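The values are calculated or read from the model by the stated rules, or taken from the named source; none is laboratory data. Quick caveat, the model's predicted, so the values are computed rather than measured. Note that each Cβ is placed from the backbone with ideal geometry, even for glycine, and that neighbours are counted across all protein chains shown.
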Amino acid sequence: MSAPALIVIPSRLKATRLPNKPLAMIGDSPMIVHVWRRAVAAQAGPVVVACGDAEIAETIRKAGGEAVMTDPGLPSGSDRVYAAAQAYDPSGKFDVVVNVQGDLPTLDPAIVAASIEPLANPTFDIGTPVALITKSEELTDNAVVKPAVVFKPGEKIAAALYFSRNLIPSGEGPAYHHIGVYSFRRAALKKFVGLAPTGLELRERLEQLRAIEHGMRIGAVLVNTIPLGVDTPSDLDRARKLLGVA
């Protein structure tokens, strides 16, 4: 897409495995600031943090970023992204909105920009990055989401037909690690947040299946790195080591 996108990072303090996760310190900065900086470095468009808590907004503004307060009762990050996009850009200037999870402090900025590339194909409603699985333990790790996708030789964009916590598809061939960054056409995001959770979504605990069950098309883009998602104290320790601040 040639026009810039609106990058939104949804963030809230409530987390069961790692309380106050966005404000966890990694070196001299909170985790949410690390993610914000990497999203800004992507140079894909303005970056705003959709905050469910005033403490997060204060932290981002202190770092020099833009924050939008959203209803803390919103059910998902996608709902928070849509609410922030409507508040920041009520006229709909930005046709593409990118949802960047706030717990990816090692995210390569290039992944943010890459996530938009599938939307150059008008048949895709949503774009999302995937990377080749090279560690055998990830094949059986239910925390690693795998897309059913086949890339033609020399191409790096293809339709994602399904996502699962189990290894799919069966048989010989490459497997891919899904990365939780989503680019939405504005109309697709509006449609998505208006849909009720679906059976496969609830069964797999994967929100993107709601889109697929309702006939929306997701384009996967192949990237070279996998960021660390921070969900537990041990993940936080790993992030600190990866960023050289342990």
Any hit, the stretch 62-70, residues being closer than 19 Å to ALA113 by Cβ and assigned to a loop (DSSP other than H, G, I, E, B): yes
Unique residue being closer than 30 Å to LEU74 by Cβ and in contact (Cβ under 8 Å) with a residue 40 or more places away in the chain when the list is LEU200, LEU189, LEU222: LEU189
Residues (of a type in the set (Asp, Glu), over 18 Å from VAL100 (Cβ atoms) and at pLDDT 95 or above) located in the stretch 47-86: GLU55, GLU58
Options ALA39, ALA50: the member that is touching a helix residue (DSSP H, G or I) at 6+ places or on another chain (Cβ under 7 Å), within 18 Å of VAL81 (Cα to Cα) and not in a helix (DSSP H, G or I): ALA50
Count - residues of the stretch 159-172 that are surrounded by fewer than 19 Cβ atoms within 10 Å (Cβ to Cβ), in contact (Cβ under 8 Å) with a residue 12 or more places away in the chain and not polar (S, T, N, Q): 7
Within the stretch 110-137, considering residues that are surrounded by fewer than 16 Cβ atoms within 10 Å (Cβ to Cβ) and of a type outside the set (Ser, Thr, Tyr), the one nearest to PRO233 (Cα to Cα): GLU137
Single match in GLY77, GLY52, GLY65, GLY45 (criterion: free of Cβ contacts under 8 Å to residues at least 40 places away in the same chain and crowded, with 18+ Cβ neighbours inside 10 Å): GLY65
Residue among VAL144, VAL40, VAL97 that alone is in the same structural domain as ARG186 (by TED's automatic domain parsing) and of a type in the set (A, V, I, L, M): VAL144
The stretch 84-120, residues that are over 18 Å from LEU189 (Cα atoms) and in a loop (DSSP other than H, G, I, E, B): GLY102, ASP103, LEU104, PRO105, THR106, LEU107, ASP108
Any chance ARG185 is within 17 Å of the chain's Cα centre (by Cα), within 18 Å of VAL97 (Cα to Cα), buried (at least 19 other Cβ atoms within 10 Å of the Cβ) and modelled with pLDDT of 95 or more: yes
